[in-house]
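Single-structure report; data block below.
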Amino acid sequence: MSHKTTAVHVTHEAIGKIGGIGAVLEGLFTSQAYQNRIDRTILISPLFSMDGDITERLGQGGEVLYSSIDGMAKSSYMGSFRKIEDKFNVNIVYGRRTFVDHHTGITSSPEVILIDITCIEKGPVNELKSKLFREFGIRSNLYEHLWEYEQYVRLAPPALAAIKAIACGEHDGSTIIISHEFMGMATALAAKLDSSCDFRTVFYAHEVAPVR
């Protein structure tokens, strides 16, 4: 590839292994083949809890560089994150998390963005739901009472804004948004609808349910 490639992984296992996805991510990030092709890796997830202190926000091997919850502002993206927080009424936690393959010694320290979307402005979310219906036939009104659906649709608008804020999404197709299972689909579809950037998108199916 002639340009630098950024992979944005949208997943609920950004800060720790809950199931198989976390194990897959750990294997990917410490793979030499992955590192040879991907120049920058970013993990995005909802912030599931504001309990605990700043040392626990990004899990084991994590370092927080920005957190509006904890008053931490060591990142040059501080100004951009604050604009996103004001626009969408969200909180952002940003930093890095280190993965290590103890067999090969290969390490990886992807960036991590967690977004608290519990009190998000409804306007941008409803606008996205409208576009999802018009362009893809997705009827959010049938599912928005399910938090597993609603929280990932809420995540999409501020997630895309955050991706752009950290200098991703140029018009060269160099940024790939990867939806791990259904959790990242709203963000990936929102990226497809965003004409201001040239995102590529991938759906990563970690398992296929058997036909019964």
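The values are calculated or read from the model by the stated rules, or taken from the named source; none is laboratory data. Keep in mind the model is a prediction, meaning the values are calculated, not measured. All Cβ positions, glycine included, derive from the backbone under ideal geometry; neighbour counts span all protein chains shown.
Observations on the structure shown:
- Taken together, the criteria place Glu111 among residues that are acidic (Asp, Glu) and surrounded by 18 or more Cβ atoms within 10 Å (Cβ to Cβ).
- Options Glu144, Glu135, Glu127, Glu150; residue that is assigned to a loop (DSSP other than H, G, I, E, B) and either under 20 Å from the mean Cα position of the chain (by Cα) or farther than 20 Å from Ser49 by Cα (or both): Glu144
- Lone unmet requirement of (1) modelled with pLDDT of 95 or more; (2) in contact with a helix residue (DSSP H, G or I) (Cβ under 6 Å, 6 or more places away or on another chain); (3) over 19 Å from Leu47 (Cα atoms) for Glu127: (2)
- Pairs are defined by a Cβ separation below 6 Å, a sequence spacing of at least 6 or placement on different chains, a first member in the stretch 80-92 that is free of Cβ contacts under 8 Å to residues at least 60 places away in the same chain, and a second member that is surrounded by fewer than 17 Cβ atoms within 10 Å (Cβ to Cβ) and charged (D, E, K, R); the pairs so defined are Asn89/Glu121.
- Gly20 being surrounded by fewer than 22 Cβ atoms within 10 Å (Cβ to Cβ), among the small types (Gly, Ala, Ser), within 16 Å of Phe99 (Cα to Cα) and in contact with a His (Cβ under 6 Å, 6 or more places away or on another chain): yes
- Residue in the stretch 78-123 that is nearest to Thr11 (Cα to Cα), counting only those that are of a type in the set (Phe, Trp, Tyr) and modelled with pLDDT of 95 or more: Tyr94
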